[in-house]
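The values are calculated or read from the model by the stated rules, or taken from the named source; none is laboratory data. Quantities reported herein were computed from a predicted structural model and do not represent experimental measurements. Glycine also receives a Cβ, built like all others from the backbone with ideal geometry; neighbour counts cover every protein chain displayed.
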Amino acid sequence: MSGGERQRIALARALLREPDLLILDEATSAVDQASEEKIAQAVAGLAGKCTVLVIGHRGRLAEIASLKFALENGRLKPS
């Protein structure tokens, strides 16, 4: 399996469990743009049902976040 396929399977397993907290670390780093959009839509659908913490450098998941923070000089700052 490719890295993107492994990422999608891991995310699907996590979503099936209906967690209270979902932590995604570079969750779309190995997927194509179409898959990234589908993942972003699925995560957006969790609004109000689950707390989602997304760790990433770029991408659609960062764009849809309701709160954003940046790491600057070793400290978290609202961005």
| query | Can you tell me which residues in segment 6-40 are free of Cβ contacts under 8 Å to residues at least 12 places away in the same chain, over 15 Å from Leu61 (Cβ atoms) and either among the aliphatic types (A, V, I, L, M) or outside any helix (DSSP H, G or I) (or both)? | reply | Ile9, Ala12, Leu16, Arg17
| said: Just checking, does segment 33-47 include any residue being within 18 Å of Ser2 (Cα to Cα) and β-branched (Val, Ile, Thr)? | reply: yes
| task | Kindly indicate whether Ala40 is surrounded by 15 or more Cβ atoms within 10 Å (Cβ to Cβ) and modelled with pLDDT under 85. | result | no
| task | Would you point out the residue of segment 3-15, among those that are of a type outside the set (D, E, K, R) and under 9 Å from Val31 (Cβ atoms), that is surrounded by the most Cβ atoms within 10 Å (Cβ to Cβ)? | result | Gln7
| query | Any idea which residue in segment 48-74 is surrounded by the most Cβ atoms within 10 Å (Cβ to Cβ), counting only those that are in a loop (DSSP other than H, G, I, E, B) and either in contact with a Leu (Cβ under 8 Å, 6 or more places away or on another chain) or at pLDDT below 85 (or both)? | reply | Gly59
